[in-house]
Structures are given as structure tokens and as C-alpha cells.
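These notes are about the structure you will find just below.
The values are calculated or read from the model by the stated rules, or taken from the named source; none is laboratory data. Being a predicted model, the structure only gives us computed values, none of them experimental. Cβ sites come from the backbone with ideal geometry, for glycine too, and all protein chains shown count toward neighbours.
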Ligand code: ATP
Ligand code: MG
């Protein structure tokens, strides 16, 4: 979408002064596209404006917003130019069609010690590699909700990749979130950090741990899913806007409804299932071997790759 007519922000709309603009921003209406998509009644209710004034503001927002159509060929050219981050394993890169995709959310789920976090560490190092050498010459926002970020692992993996570990660690912007509010706010406020530091990878390890512990029981499920939905939607928006990769890890449970076959199911329900562009199921094999199954991808067939977790990171 594009903006026209000198209307760039919420406060440029008729009848909306700084105080009203702040009110709207607080409620998540932080750009004119969101106002254009809102109903005047919503806006009137939120701000205390008269419904006439709200109608005018929404109308102006709609006029200032145009929809840009592109052709399928444009989309094809754009997709060809999308960056990929190598995983450290050629087999896994091949399974993914070249590596972890940008402008998309990749989810890894699996039981404890299946390698979800280790793959995240490897991506933190590899995204820093030059373009054409498996990376995007980018920095990382690492959101740790479980307290399992280990700089010494980054150090070993970076050394093995021929990088100065101190440089590699300096390009990782790390946040330890203890509550879902902190988790959500970190992502809500990430735009500036991303722009100023060329962030090309966001890791959320793990997506669901805090949501699960804070929203217990059936009664809280609706609210949990609603918050989760807007959280993951924001991640998707960042991926699209900045052409970056989002890697999230997810916990699993045994689904009692699955009587035959593997009952291991990722948590988070439909919200996560729909939002993740690519889903990987990781499971333990012998010793350092892990089996990675591509469960869901918009353009690659299902399949499996065997990787190894070594002291130097992910390998074939
Ligand atoms: P959880 O659900 O508990 O977060 P996870 O899927 O994130 O599990 P990881 O932390 O990625 O699991 O994997 C842990 C495994 O990684 C360990 O069991 C070990 O096999 C391997 N590992 C960790 N550090 C090293 C190391 N320095 N050298 C070799 N292997 C290691
Ligand atoms: Mg982990």
C-alpha cells in the first residue's frame, strides 16, 4: 500500500489532534492503513470523537491509502531475490529449498533436546555470513523466553565458521522475557532496532512457553489465542516489511486423538499452525543425530533430513 496527499501519519488526519492520535496509537492504530481498515464507530468509541468526525477521519485515511497490485511475474522475480540462511547442513538446506527463508516464519517443534535451540544458535551465526556465502550479512534479535541462550555456544559455532566470536556476539541483540507482556512488547517495539542494525533474523525461543504458563485452563484459552494471534501477526509483518527471517521454536504435547502413528503435536493450535510458513518437526536419533521432517511448506515437498549436533554446530 502507498500513502498520498501529504497524509503520512495518524495525526495528519482531519479532526485528529496529538492527544487523539496518541490514544489511537496506544490501542494499536499506529498508522493510517489501520485507520483506513477500521470502522468509524470503532474509532469514535476509542477516542470519544463524534461519529461524524470519525467518519471524516476514516474516509480521509481511505483516500490517502492506495492498494498496489503486482503481477504474478513480479511476485516470481521478488521471490527469486529472497535471501536464504544456510542451516549448516546441506541436507537440511536442500529440504528447505536452499535454507531458512526470509519474509517468512519458520517453526521448529519437537521434544526436549531435539535441537531446536541449537539450530537457532547456528542461524544466529550463519545469518552474519556474507550474501552468497550462506548468510545475509545481517544482525539478530534473539528473544529468549526459557533462559537457554548460551553465548559460549555462539562462541564455539562462530569460531568454527571462521568468525571472531566477539564480533559475532556483538551482532546479537538479546532479550530475556519473563512474561508474555515482555515478549509481546519486545516485538511491538522492534522496528527501530531492526532498521538501525540491519536485523535479518528474529529468533523466538520458545514461542509458547510463557503463554502456556500464564494462561492456564480452558477458560483462559480464548484470551491466550487472541494475544498469540496478534503477537505472531506482528512477527509476520516485521518479516514482510524488512525482508527478514523469523525462526520460532515450539513445544509439543501428545495428542490423545491420534491413535496410530506419532502422537507428537506442536502446541499453540491453529494460530501457530496457520501463521508458520514452514514447519519443521525435529526428533532425536542415535547420539548426535537428529531427524528433521519438513511438515508444512508452501512450495517444497514433505521430506526428511538427518543432521548432527556437534560442538561446532549443526553439520551433515
Ligand atoms: P528444549 O525443548 O529442552 O528447549 P531443544 O530442542 O531446544 O530442547 P537443544 O538445546 O537445541 O534442544 O539441544 C540440546 C542438545 O544439543 C543436547 O542434548 C546435546 O545433545 C546437544 N548439544 C548441546 N551443546 C552441545 C555441545 N557443546 N556439543 C555437542 N552437542 C551439544
Ligand atoms: Mg530449547
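Looking at the structure I just gave you, is residue 87 within 16 Å of ligand 1 (Cβ to nearest atom), within 22 Å of the chain's Cα centre (by Cα), crowded, with 17+ Cβ neighbours inside 10 Å and part of a loop (DSSP other than H, G, I, E, B)?
On the way: within 16 Å of ligand 1 (Cβ to nearest atom): yes; within 22 Å of the chain's Cα centre (by Cα): yes; crowded, with 17+ Cβ neighbours inside 10 Å: yes; part of a loop (DSSP other than H, G, I, E, B): yes.
Considered against the rule, which asks whether it is within 16 Å of ligand 1 (Cβ to nearest atom), within 22 Å of the chain's Cα centre (by Cα), crowded, with 17+ Cβ neighbours inside 10 Å and part of a loop (DSSP other than H, G, I, E, B), residue 87 comes out as yes.
Counting only residues that are within 16 Å of ligand 2 (Cβ to nearest atom) and part of a strand (DSSP E or B), which one in the stretch 240-252 is farthest from residue 204 (Cα to Cα)? So that I can check it myself, show each step before the final result.
We begin by selecting, within the stretch 240-252, every residue within 16 Å of ligand 2 (Cβ to nearest atom); these are 247-252.
Next, from what is left, pick out any that are part of a strand (DSSP E or B): 247-250, 252.
Working: 247: 6, 248: 5, 249: 7, 250: 9, 252: 16 Å.
The extreme case among them is 252.
Criterion applied to 237, 207, 216, 282 was being closer than 25 Å to residue 128 by Cβ and either outside the structural domain of residue 89 (by TED's automatic domain parsing) or assigned to a loop (DSSP other than H, G, I, E, B) (or both), and the one residue passing it is 207. Can you pull out the residues in the stretch 300-316 that are in a loop (DSSP other than H, G, I, E, B), touching a strand residue (DSSP E or B) at 6+ places or on another chain (Cβ under 9 Å), in contact (Cβ under 8 Å) with a residue 60 or more places away in the chain and surrounded by fewer than 15 Cβ atoms within 10 Å (Cβ to Cβ)? Passing the criteria: only 316.
For the stretch 25-34, enumerate the residues that are in a loop (DSSP other than H, G, I, E, B) and buried (at least 18 other Cβ atoms within 10 Å of the Cβ). Of everything in the stretch 25-34, just one residue is in a loop (DSSP other than H, G, I, E, B) and buried (at least 18 other Cβ atoms within 10 Å of the Cβ), namely 29.
Can you tell me which of 4, 59, 52, 11 is modelled with pLDDT of 90 or more and loosely packed, with under 14 Cβ neighbours inside 10 Å? So that I can check it myself, show each step before the final result.
On the way: 4 fails: modelled with pLDDT of 90 or more; 59 fails: loosely packed, with under 14 Cβ neighbours inside 10 Å; 11 fails: loosely packed, with under 14 Cβ neighbours inside 10 Å.
52 is the lone residue from the list that is modelled with pLDDT of 90 or more and loosely packed, with under 14 Cβ neighbours inside 10 Å.
Return the total of residues in the stretch 35-71 being in contact with a helix residue (DSSP H, G or I) (Cβ under 8 Å, 6 or more places away or on another chain), within 16 Å of residue 7 (Cβ to Cβ) and outside any helix (DSSP H, G or I). The qualifying residues number 2.
If I filter the stretch 140-154 for residues that are within 16 Å of ligand 1 (Cβ to nearest atom), over 22 Å from the mean Cα position of the chain (by Cα) and either crowded, with 17+ Cβ neighbours inside 10 Å or in a strand (DSSP E or B) (or both), do I get at least one hit? Taking every residue of the stretch 140-154 in turn, at least one turns out to be within 16 Å of ligand 1 (Cβ to nearest atom), over 22 Å from the mean Cα position of the chain (by Cα) and either crowded, with 17+ Cβ neighbours inside 10 Å or in a strand (DSSP E or B) (or both). Could you please give the count of residues in the stretch 4-24 that are in contact (Cβ under 8 Å) with a residue 12 or more places away in the chain and either not assigned by TED's automatic domain parsing to the domain that holds residue 34 or not in a helix (DSSP H, G or I) (or both)? Going through the stretch 4-24 one residue at a time, the tally reaches 9.
Exactly one residue out of 88, 72 is free of Cβ contacts under 8 Å to residues at least 24 places away in the same chain and either touching a strand residue (DSSP E or B) at 6+ places or on another chain (Cβ under 9 Å) or not assigned by TED's automatic domain parsing to the domain that holds residue 27 (or both): that is 72. Across the stretch 212-220, a minimum of one residue is classified as closer than 21 Å to residue 109 by Cα and within 16 Å of ligand 2 (Cβ to nearest atom).
On inspection, residue 159 passes the criterion of being within 16 Å of ligand 1 (Cβ to nearest atom), more than 15 Å from residue 204 (Cα to Cα), in a helix (DSSP H, G or I) and not assigned by TED's automatic domain parsing to the domain that holds residue 30. Within the stretch 95-121, the set of residues being farther than 20 Å from residue 238 by Cβ, within 18 Å of the chain's Cα centre (by Cα) and away from ligand 2 (no atom under 13 Å from the Cβ) comprises 96 only. Against the test of being farther than 27 Å from residue 134 by Cβ, in contact with a helix residue (DSSP H, G or I) (Cβ under 9 Å, 6 or more places away or on another chain), surrounded by fewer than 21 Cβ atoms within 10 Å (Cβ to Cβ) and in contact (Cβ under 8 Å) with a residue 24 or more places away in the chain, the options 221, 178 yield a single qualifying residue, 178.
Yes or no, residue by residue, for (1) within 16 Å of ligand 2 (Cβ to nearest atom); (2) touching a helix residue (DSSP H, G or I) at 6+ places or on another chain (Cβ under 8 Å):
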residue	(1), (2)
257	no, no
264	yes, no
269	no, yes
281	yes, no
290	yes, no
293	no, no
310	no, no
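A single entry from 230, 206 fulfils the requirement of being at pLDDT below 95 and either within 16 Å of ligand 2 (Cβ to nearest atom) or in contact with a helix residue (DSSP H, G or I) (Cβ under 9 Å, 6 or more places away or on another chain) (or both): 230.
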